[in-house]
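The values are calculated or read from the model by the stated rules, or taken from the named source; none is laboratory data. If you're wondering where the values come from, they're calculated on a predicted model, not measured in any experiment. Note that we place each Cβ from the backbone using ideal geometry, even for glycine, and neighbour counts take in every protein chain shown. All accessible areas refer to the heavy atoms of the entire protein, side chains included, with ligands and DNA or RNA removed. Shrake-Rupley method; radii C 1.70, N 1.55, O 1.52, S 1.80 Å.
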Amino acid sequence: GDCCIGDVSGSYGHKNGYVYKIGQAGFDYPFSYVADMFAADDLTVANCECTFSSRNKPRSGVMFPMIAAPEYAEVLKLGNVDVCNLANNHCLRDFGTRGTEDTVAALEAQDIAYFYNENTWSATIKGVKIGFVGYTYPMNDQKLKKYVKAMEELRAEGCTFVVASAHWGTEP
């Protein structure tokens with residue numbers, strides 16, 4: 001499901017916000033009830049619906065730009081999340097290319113893998129190679145062809161299973 005560690009840009013750090021709550025309760029708080037279960041499973045995948053960046057300047061016209069400081073990516077690590085889908089409106093659009101680059105850097109600093117658009121990811125789990133590809137709206141014929149091509153490439157790389165994550169819908 002959707003996993004947002006941040007706040008809406010305009011109310012970032014407000015005492016009623018999630019970033020403030022995490023700062024008070026500790027970075028292990030958000031996944032405290034499931035972290036042990038995630039640690040025991042073979043692979044935990046989350047849809048990272050937040051930009052990890054210190055550049056709190058959202059693109060104009062974004063309704064709910066979600067952001068947290070880069071160090072908040074540790075929340076995912078402490079929750080035993082192994083890989084994140086970044087193909088969603090918040091991570092790829094709210095803060096533009098730089099926001100996505102900052103998010104990738106924050107995840108890499110925590111040794112958390114990621115996938116989005118043509119950036120696929122694969123892992124061998126108990127001898128089975130599994131590939132991941134993610135895309136988000138708006139979907140059109142050109143993007144659909146890229147999506148299918150990415151899945152075919154993962155199969156050609158020897159993936160027994162390909163997980164295709166599609167983030168659909170629009171915000172009003």
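For LYS149, go through the lysines and keep the ones whose alpha-carbon is under 20 Å away, minus same-chain ones fewer than eight residues off.
Leaving aside lysines fewer than 8 places away in the same chain, those within reach of LYS149 are LYS129.
When only C-alpha pairs under 8 Å and at least 6 residues apart count, what is the relative contact order of the chain, in percent?
Value for the chain: 19 percent.
Please sort by residue number the GluC sites (Glu not before Pro) in segment 124-172 whose DSSP state is loop and whose Cβ has at most 16 other Cβ atoms within 10 Å.
Here the sparse-neighbourhood loop sites are GLU157.
Post the alpha-carbon centroid distance, segment 1-46 to segment 118-156, in whole angstrom.
27 Å
Local charge sum around ALA109 (other residues, Cβ-Cβ under 11 Å, Lys/Arg +1, Asp/Glu -1)?
Once all neighbours under 11 Å are counted, the net charge is -4.
When DSSP beta bridges are limited to those with both residues in segment 1-123, what percentage is antiparallel, rounded to the nearest 5?
In segment 1-123, approximately 25 percent of DSSP beta bridges are antiparallel ones.
Rounded to the nearest whole Å², what accessible area per residue is found for the chain with the 1.4 Å probe?
Here the residues of the chain average 53 Å² of exposed surface.
Under 12 Å between alpha carbons, and skipping anything fewer than 8 positions from LYS146 in its own chain: which aspartates and glutamates qualify?
GLU118
Just in segment 1-85: which chymotrypsin sites (Phe, Trp or Tyr not before Pro) are loop by DSSP and have at most 12 other Cβ atoms within 10 Å?
TYR33
Around THR124, under 12 Å between beta carbons, what's the net of Lys plus Arg minus Asp minus Glu among the other residues?
Computed value for this residue: 0.
What are the trypsin sites (Lys or Arg not before Pro) within segment 68-130 that DSSP puts in a loop, where the Cβ has at most 14 other Cβ atoms within 10 Å?
Filter output for segment 68-130: LYS126.
Once you list every other residue whose beta carbon is under 10 Å from the beta carbon of ARG98, what net charge do they have if Lys and Arg are +1 and Asp and Glu are -1?
Neighbourhood net charge equals 0.
So what's the angle, to the nearest 10 degrees on a 0 to 90 scale, between helix 96-109 and the longest Cα principal axis of the chain?
The answer is roughly 80 degrees.
Roll a 1.4 angstrom probe over the protein heavy atoms and tell me the percent of accessible area of the chain that is carbon or sulfur.
51 percent
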